[in-house]
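Here is the structure we will look at, set down as structure tokens.
The values are calculated or read from the model by the stated rules, or taken from the named source; none is laboratory data. Treat the numbers as computed from the prediction; the structure is a model and nothing was measured. Note: ideal-geometry Cβ built from the backbone for every residue, glycine included; neighbour counts use all protein chains shown.
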Amino acid sequence: MKKDYYEILGVEKNATAQQIKKKYRSLALKHHPDRVPEDKKAQAEEKFKEISEAYGVLSDPKKRQMYDQYGHAGIDQNFTTDDIFGGADFSSVFGESGLGDIFSQIFGGGGGAGGFDFFSTGGRSSNRPRRGRDIQYETEITLEEAFSGIHKKLKIPRNEHCKDCKGTGAKDGTSLKICGTCQGHGQVMMSSGFFRMQQTCSACGGRGKTIIERCPKCGGKGAVHVSRNIDITIPAGVDNTSRLRVRNEGEIGPGGPGDLYLYIRVLPHKTFRRDGDDLHSQLLLDFSIAALGGEVSVPTIDGKVSMKIPAGTQSGEVFRLKGKGMPDLRRGNRGQQYVKVMLQVPKKMSAEQKRLLREYADVSGIKNINMKDEKITDKIKNVFK
């Protein structure tokens, strides 16, 4: 089981970004494999990986929010290793401290900031082409669908490789020449103090080749705009804060497609109000049942159930139906349903109902009852003498 990221860095859960950066820098300097004896290098390297992963998550507001809400499951399901290390600003942490080459040794050139790869003078980079842009898409579902989970077919607009030029952007896919800026490498070198940084060549977009004659269908872009039908599985328990990641369903890029991020919106329900995994509802209760007690049928998210009403129940009282709420997205166990009972006053009553109610009021000593429709007869009065 993975250790808690806050525990790894030794910071509180409410630590500021500056406190997290300061603590990580201190630990990274302490556990740098080049600064420990030879027999402890392997152990130091593992520790360095561990604290760098923790910093990669906690230094990014979006990843930190996902981790705080869902724990390691939220990170593992929504981010790759490249996402964790590629988004962290390691350069501003270390400056000129001399930790550059450890990133190339341990992470294979990863760990850069803003799309850069770190390595020491003379080091080598992975030269990986850039993946396509991620897509964000919102879909609406009902509360019932959020309760049970659902498979949906969505039509997602995105850019895909042009079939005419096979994604090259060149007419017939052949009108290409080696880029004169990067000499076909797709990357150019930049120097900044101790580090040499490698970034995508702006002249060829990282492809290493430039177009002589553009493809007439895509205009040299190498991609065309299409709407793609994809099947999505939305798990039970999602809420308005949920975000699902569908790998490789984003825009097409030289290094492969990006990802699709699906934002869920759960529609309001006419019967239930949701609060986390709990559901709240109201039930109109007849006066006679509230006074004498009994059983009533109560709607829940997965069907009606019987609920006991004790004698003397007051309007506004709340009853709990255990395990009748929404399923937890991670653990699967269900929340509670809270039912607030409200006394129902009939708008119309029969003559017999009115007579009996006035009889009850008379016995109870209740004054100022409307008597103009019918009066208590002498026969009824004699019963109570």
- [ ] Filter region 143-163 for residues that are closer than 30 Å to Gln337 by Cβ and crowded, with 16+ Cβ neighbours inside 10 Å and give the result.
- [x] Leu143, Glu145, Ala146, Phe147, Ile150
TODO: Those residues that are hydroxyl-bearing (Ser, Thr, Tyr) and surrounded by 13 or more Cβ atoms within 10 Å (Cβ to Cβ), I need them from region 1-46; list them, please.
DONE: Tyr5, Tyr6, Tyr24, Ser26
Open item on the list: Give me the residue from region 170-218 that is assigned to a strand (DSSP E or B) and more than 17 Å from Pro254 (Cα to Cα) and, out of that set, modelled with the highest pLDDT.
Closed with: Arg214
- [ ] Identify all residues within region 301-337 that are within 26 Å of the chain's Cα centre (by Cα) and either of a type in the set (Val, Ile, Thr) or surrounded by fewer than 19 Cβ atoms within 10 Å (Cβ to Cβ) (or both); write none if there are none.
- [x] Ile301, Asp302, Gly323, Asp328, Arg330, Arg331, Gly332, Asn333, Gln336
Open item on the list: Given the criterion assigned to a strand (DSSP E or B), more than 28 Å from Asp134 (Cβ to Cβ) and either of a type in the set (D, E, K, R) or in contact with a helix residue (DSSP H, G or I) (Cβ under 9 Å, 6 or more places away or on another chain) (or both), identify the matching residue among Lys340, Lys324.
Closed with: Lys340
TODO: Could you tell me whether Ser306 is outside any loop (DSSP other than H, G, I, E, B), of a type outside the set (A, V, I, L, M, F, W, C), in contact with a strand residue (DSSP E or B) (Cβ under 7 Å, 6 or more places away or on another chain) and free of Cβ contacts under 8 Å to residues at least 12 places away in the same chain?
DONE: yes
Open item on the list: Leu279 - would you say it is over 23 Å from the mean Cα position of the chain (by Cα) and in the same structural domain as Asn333 (by TED's automatic domain parsing)?
Closed with: no
Open item on the list: Being at pLDDT 90 or above and either assigned to a helix (DSSP H, G or I) or surrounded by 18 or more Cβ atoms within 10 Å (Cβ to Cβ) (or both): is that true of Ala291 here?
Closed with: yes
